[in-house]
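Participant: First, the structure itself, so that you have it in front of you.
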Amino acid sequence: NWFKTENFSLNWSLYEKHGRGVKQGYSGKNFIEGEFISILEKGIEELPILVKEPIKLKAGNYRVYLKPAAISEFIGVFSWGGFSMKEMKQETSPLIKMVKQETSVDERISLYENFGSGFLTDFNEYGFKRPEKIELIKNGRLKDLLVGPRSAKEYELSCNGSQNNETPEFFEMEC
């Protein structure tokens, strides 16, 4: 199998003098210098906010705004085995309460593994064909898990195009 794509992905952080930083990124199929500079300038504008003294909050429920980069980091933590069939079967998934349907996220949230994005190959490292999308979370509830070739064989399931590590490669989120 062979795959070619023409795209780019840049990630960087800007830091203020005390070490607090703004994480940014820019990706796409066509690099447009003006867009890149605009993103960079927005990050520079945010740096003075980080110099302010942090506020300590009491435990409780708060509404918050998370930038896309923060959501990416948050989802990344849960990706370490969270959507893995193997981790679910061994009950070591960080999302085990969602697997057991003991909890959910807001019903407005849906999360997909988007193999059809154009940024990934149509097949995994072993040549298994990938579907266009896998619905990982649908309307706040865990729906499907990633099943690599090893787990498919061990648990007598069908491989759904995931790599053996069963870690998401290209998320798509709806809210």
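Participant: In degrees from 0 to 90, rounded to the nearest 10, what is the angle of the helix 33-51 Cα long axis to the longest principal axis of the chain?
Facilitator: Approximately 70 degrees, to the nearest ten.
Participant: Another question about this same structure. Between helix 68-79 and the chain, what is the angle of the helix's C-alpha long axis to the longest principal axis, kept within 0 to 90° and rounded to the nearest 10?
Facilitator: Between helix and principal axis, roughly 30 degrees.
Participant: Which order do the peptides 16-23, 142-149, 122-129 take when ranked by the mean count of other beta-carbon atoms within 10 Å per residue, highest first?
Facilitator: So the peptides 16-23, 142-149, 122-129, ranked by packing, come out 142-149, 122-129, 16-23.
Participant: Next question. To the nearest µm²/s, what D does Stokes-Einstein give for the chain at 37 °C and 0.692 mPa s, using the Kirkwood radius over alpha carbon pairs as Rh?
Facilitator: In µm²/s, the coefficient rounds to 176.
Participant: Run down the lysines and flag those whose C-alpha is under 30 Å from the C-alpha of residue 86, throwing out any fewer than 8 positions away in its chain.
Facilitator: 97, 100, 129, 133, 138, 143, 153
Participant: Kindly rank 70-81, 51-62, 35-46, 157-168 from highest to lowest mean number of other beta carbons found within 10 Å of each residue.
Facilitator: Most protected by this proxy first, the peptides run 157-168, 70-81, 35-46, 51-62.
Rule-based calculations on the coordinates, nothing more; no lab input. The structure displayed is predicted, hence computed values, not measured ones. So basically every Cβ, Gly included, is an ideal-geometry build from the backbone, and we count neighbours across all protein chains shown.
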